[in-house]
Amino acid sequence: MITLLKMPALFLGMLAVFCCLGSFFIRENRYESGHLGETVLFGFIAYYFLFELISVPMMVLGAKLHLLAWVWAAVVAVLVIASICLHLGMWREWGKRSGGFWRGKTAAFYVMLVLIGIQLYFVAALQENGSADAAYYVGSVTTNLATDSISSFDPYTGKALDFFNIRYVFSMYPAANAVLCRLTGLHPLVVTKVILCMMTVVLSYLVYAQIGKALLKEKQMVWVLLCFISVVNLNFHTIFSNASFLLTRGYEGKAVLCNIILPFLFYLGLRMYQEKNGKRVWLLFFMTGVAAIDLTMSSMMTVPVAMSAVILPNLVRKKRWGQSGLYLLAVLPCVLVLGVYLLGVRGILQIPVVR
Amino acid sequence: MGGINLNESGLDFVRQVFVTFGGNTTVLTLFLLSVLYLALKGKKEERYVFVTTAVFLAFTVYNPFAVKYILGKLGMVNVYYRFFWILPMVLTIGYACTKVVGGQKKGWRRYLTAAALAAVICFGGNSVLAGGLPKLPDNQYKMPDDLLAVCTVLHEEAGEGTVRVVFEPDFNLIVRQYDASFELVLDRDMVLTYQGSNTVSTDALTEQEIEDETKILQIITQMDLSLDQKEFYRSLREMNAEYIVLSSSSAAVSYVETAGCIPVREVEGHIIFRVEEK
């Protein structure tokens, strides 16, 4: 019973935290208020960006998981309180507007809710245990919890490691999930294979909604867009597709990468093209690079390419050669991690586990 | 990668991966048609998001020469398909369909167009719902009930603390997701390699470990029960195995018992054996 109460509490709590963190990117005097979806997405990026900055040094220094959990809880609590205090006006405005949200919605909106609802049920209920990668992603969470350590034991066997696995060393997503389990008392399987899978679906559609809002003149057509995206996702089931990862492997960092991060980069590129967000978009690109590494090391290859695809044509088109330095800074985190990875797999660099 | 080898495929590698990525569906065709439609009918912003970026990617990371001579050297060939995640296929198809629908007059025309486009996607795709909606899981952990029962009994037998266990491959892959207090004798990559996977490596294991784990796998997967029982037991002891869990119906049950392992409990279609120090 307690688990059934904790699950929605964690789900909604995470969304609220993302909202609070994202509010620091919104300025009422410079930005259109009412962009709740965008705020949540910015907050999601900020969450994993900050977690990466805090957890990697703690891991390398041999800190215990419980210490990381307390530190992280304190950081998030401070930021949430600060957000509430500093942006009270914005919260009040959103509170007032929320009442009118349901007015004037078309049939497409309700079809969208049904289609996304089907996907949410699917990911929550699916009992599929054939994924070899789950032995890592979920096994790491349970291992971290059982040993009160951060990535210091082999998730596959439980053996103590002498060196961190260079293939996964900077990907702290399992540690972030272990922290959630530690703080809430929920089992890793409940957090990863139910709550986070559903969160991945919700955030993915939030990204697409923002892209739709930015491109479509007729705002009600955004719901039509999400309906069609849902139909494609439900019918693009192949071994490698992002849709398959979304619906059958949503607990993996790779699923978050291909269904949230990469589309989000397209959104940022679009905002850059539309001259929205100002210089803040560069900060978001940089933070997304770091957050992406936190989620999965697969980002080190794909994120720089995606950033280049959305940034470079912008710079060329607007002849903003002076911003090339900002572009290089944006891709730098992933490129650095790629460098460390290449040194690691060649045996040149190894990071010892400190106990 | 999915049976596609860069050295064998050469410059055709990118196309083959692209086709494999798309699976046996019309999604790729719909995507290319969507890009073409948006290139011809799209606003500047739409062309920027959907066409310019696709062209950029086509000349860079999807360029067969770049793949053959650069990515190949970086050792990223096995995971090359991940670069196709960058291509916003789902978004592009969805957006193009939305634009087509939006181009119709409001009313029944829009509904009809939307339904027709959705039908094309459904009939041409590979639905994740082909087997119907999943039924509610066995339990909150979404793990087989028998696994939970086996773990409970193992803890009753072994007491507190970690315990080293040999599980059959299906349980071996999932048990530590449920309970990380079990140390697994068999390494995940060793099991996958034994089962024929070429995407993992056993480089992290010593030759002795590979030899011992292979012998254990030979028996518990019923692949070859002709192995000398003393050899099998010696491998178990070398790997510090304390328990073995086998399906009750496994042909290896009598072998393992005869080899000297003590059956301690039977639970939910599984037999738990204790490995004694001899």
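The values are calculated or read from the model by the stated rules, or taken from the named source; none is laboratory data. Since the structure is predicted, the reported quantities are computational estimates derived from the model, not experimental observations. Cβ coordinates were reconstructed from backbone atoms using ideal geometry, including for glycine residues, and neighbour counts include every protein chain displayed. Please note that ligands, DNA and RNA were not included when accessible areas were found on the heavy atoms of the full protein model with its side chains. Shrake-Rupley method; radii C 1.70, N 1.55, O 1.52, S 1.80 Å.
Accessible area per residue for the range B:6-124, computed on protein heavy atoms with a 1.4 Å probe, is 48 Å².
Measuring between their Cα centroids, the range A:305-321 and the range A:158-233 lie 27 Å from each other. For a modelled paramagnetic label at B:Thr199, 7 Å from Cα along Cα-to-Cβ, the residues of the range B:154-186 in reach, with backbone nitrogen under 17 Å, are B:173-174.
Using the 1.4 Å probe convention, the accessible area of chain A works out to 37 Å² per residue with neighbouring protein chains retained.
Residues of the range A:165-214 whose accessible area (probe 1.4 Å, heavy atoms of protein chains only) drops by at least 40 Å² once all protein chains are present, relative to their chain alone: A:His187, A:Leu189.
Compared with its chain on its own, the range A:298-327 contains the following residues whose accessible area drops by 40 Å² or more in the full protein assembly (probe 1.4 Å; ligands, DNA and RNA excluded): A:Met301, A:Thr302, A:Val305, A:Ala309, A:Pro313. Ligands, DNA and RNA left out, the 1.4 Å accessible surface of the protein assembly as shown is 62% carbon and sulfur atoms.
Write down the percent of antiparallel bridges among all DSSP beta bridges whose residues are both part of chain B, to the nearest 5. DSSP beta bridges in chain B are roughly 60 percent antiparallel.
Pairs from the table (A:Lys254/B:Lys73; A:Lys217/A:Lys319; A:Lys96/A:Lys279; A:Lys219/B:Lys99; A:Lys105/A:Lys219) lying more than 20 angstrom apart at Cα are A:Lys254/B:Lys73; A:Lys217/A:Lys319; A:Lys96/A:Lys279. On association of chains A and B, roughly 7100 Å² of accessible area becomes buried (total for both chains; probe 1.4 Å). Against the compact-protein benchmark of 2.2 N^0.38 Å, the Cα-based radius of gyration of the protein assembly as shown scales to 1.00. Each principal axis of the Cα atoms in the range A:217-355 has its own extent, and those three values, largest first, are 55, 43, 25 angstrom.
Using a 1.4 Å probe on the heavy atoms of the protein chains only, list every residue of the range B:172-195 that has 20 Å² or more less accessible area in the complete assembly than in its chain alone. Relative to the lone chain, where solvent access is computed with a 1.4 Å probe, the range B:172-195 loses at least 20 Å² at B:Leu173, B:Ile174, B:Arg176, B:Gln177, B:Tyr178, B:Ala180, B:Glu183, B:Leu184, B:Asp187, B:Arg188.
Once divided by 2.2 N^0.38 Å, the Cα radius of gyration of chain A becomes 0.98.
Taken per residue, the accessible surface of the range B:145-274 reaches 43 Å², heavy atoms only and a 1.4 Å probe. According to the Kirkwood relation over distinct C-alpha pairs, the hydrodynamic radius of the range B:145-274 is 14.8 Å. Over the range B:62-203, the hull volume per residue, using the convex hull of the C-alpha atoms, is 209 Å³. Placing pseudo-labels 7 Å out from each Cα toward the beta carbon at B:Lys43 and A:Trp91 gives an inter-label distance of 3.5 nm. The antiparallel fraction among DSSP beta bridges confined to the protein assembly as shown stands at about 65%.
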